[in-house]
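Since every read-out is calculated from the coordinates, none of them should be taken as a lab result. The shown structure was predicted, so the numbers you read here are calculated from the model rather than taken from an experiment. Reconstructed Cβ throughout: ideal geometry from the backbone, glycine too, with neighbour counts over all protein chains shown.
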Amino acid sequence: MSFQSLGLSTELLRAVSAQNYDVPTPIQRQTIPVILEGRDVLAVAQTGTGKTAGFTLPLLQRLCAGKPAAGVRPVRALILTPTRELAAQVEQCVTDFGKYLPIRSTAIYGGVSIRPQIAQIRRGVDVVVATPGRLLDHASQRTIDLSRVEVLVLDEADRMLDMGFIRDIKKIMAMLPERRQNLLFSATFNRETTELANRLLQSPARVEVSGSQQAADNVSQRIYPVDKARKRELLSFLIGSENWRQVLVFTRTKHAANRLASQLDKDGLSSSAIHGNKSQGARSRALQEFKNGQVRVLVATDIAARGLDIDQLPHVVNFEMPQVAEDYVHRVGRTGRAGKKGEAVSLVSPEEKPLLAGVERLLKRTILRTLVPGFETGAAGPASPARQPPAAKTAQDQGEKSQRTRHAATPRSQKPTNRASRRKRRKGTSSPSVNGSPRRAAPCRETTRYTPSV
Ligand code: AMP
């Protein structure tokens, strides 16, 4: 099947061939005709399937076919995405496909100044791609009018709900006209996503590319069992010995991402971290440097990496297994996009076996295990900072969140402070205080217990 046979206009076909797309992907074959008919769509599509073009192409065609009111250019299509990066990418896609059409678009998201966005909206835009929070900022400042929106797209709806955007989405929906076309794209479905779909969609066409809970077939997956304390060494070893030039590595916390990126840098592997605590400028810069090869390893948290489209990304590494099994599919979906080959590697410590079991249950398959000699679990390895006694390492490895939890769980007065106070406590004296207030808590590693391997 060709793009021509899908009923797209000459202008869109020219733009498609300028992107070097020869044939439509399965999701595009299914979504384009039904969206062109004006139907609501519920699409179950994993990342990397070409879903962005799947909704952008027919959306643009419908906007061009309809007659906008004369005068000020109203916002006629609204695309909501969970992350800034995805908003920027989707808007780029709208620009690329709309290049031969009289369509204007803009991306609005937080972390950057709101003023240029206001100016852009004032000049008139047909398509707005937005993250929910910044869109609501505009709405509360009355710098955007959504009362003429004809098409609403929720992209990566599952992730928006995971990120707690449901209330924002409901507020935004209340600002839209009742009569409109709704398109909902989600890689995974659970009770919340289904509830949202029921609320949003009117007799939708259901579109599903096979195995939406599966990682793409063209991605080879592999598990490397390894002790937690030796993961960084193994990762450096794999990147170096296999000569991986572009690797996206996932950690669970921002703190772990920062720490790993700086350790890898010290190992001579140029690395950057990308996560929610970084400014938008730093995130965009890190991504750009990674894309153009200046940085070899990009260490990311799930949320920051969501929706990243890195052309021909060959390697994804789960440095830590995700807490939620569906996130494994999202992570692995960063590679092997649009049918290209990819490799996804997971470094799994004995403690993470239950998480791995959850992933394998979801995938309904067992992932190949590979043991690297010298990195067997429980084996004595070479002395290195990574093989220090587990208590200290474990404390650091937990990341910011759990450090905060530990402090909160231990009353300040009971926390070890300095040698003198510990000695006093051993003798049974009460915790010392200065001017009636308890002393500062000691570093968290002193309060941590080592959790034995499973
Ligand atoms: P998406 O799932 O929309 O993020 O798309 C994943 C990647 O596939 C992007 O890099 C697209 O440019 C690319 N892509 C989408 N559709 C096609 C197609 N029909 N032919 C070739 N590449 C495509």
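Each of the peptides 200-206, 105-111, 259-265 was scored by the mean count of other Cβ atoms within 10 Å over its residues; in descending order, highest first, they stand as 105-111, 259-265, 200-206.
Computed over the range 219-369, the Cα gyration tensor eigenvalues convert (square root of 5λ each) into semi-axes of 22, 17, 15 Å, ordered from largest to smallest. Return the distance in nm (one decimal) between the two label points of a simple spin-label model at R245 and D267, each offset 7 Å from Cα along Cα→Cβ. About 2.0 nm separates the two model spin labels. Whole angstrom only: what separates the Cα centroid of the range 45-108 from the Cα centroid of the range 173-192? If you average the Cα positions of each part, the centres end up 16 Å apart.
Return, ordered by residue number, the residues of the range 97-119 whose backbone nitrogen is under 17 Å from a label point located 7 Å along Cα→Cβ of V23. Counting backbone N atoms under 17 Å from the label point, the list is empty. Around the amide H of V317, modelled in the peptide plane, lie the amide H atoms of L248, V249, F250, V345, all under 5 Å away and 5 or more residues distant in sequence or on another chain.
Over all directions, the projected convex hull of the C-alpha atoms in the range 1-74 averages 5.8 nm² in area. Within the range 3-208, the proportion of Cα pairs with more than 30 Å between them is 14 percent. Projected onto its three principal axes, the C-alpha set of the range 86-177 covers 36, 29, 27 Å, listed from the longest axis down. If you plug the beta carbon distance of L371 and R39 into 1/(1 + (r/R0)^6) with R0 = 60 Å, you get a FRET efficiency near 0.70.
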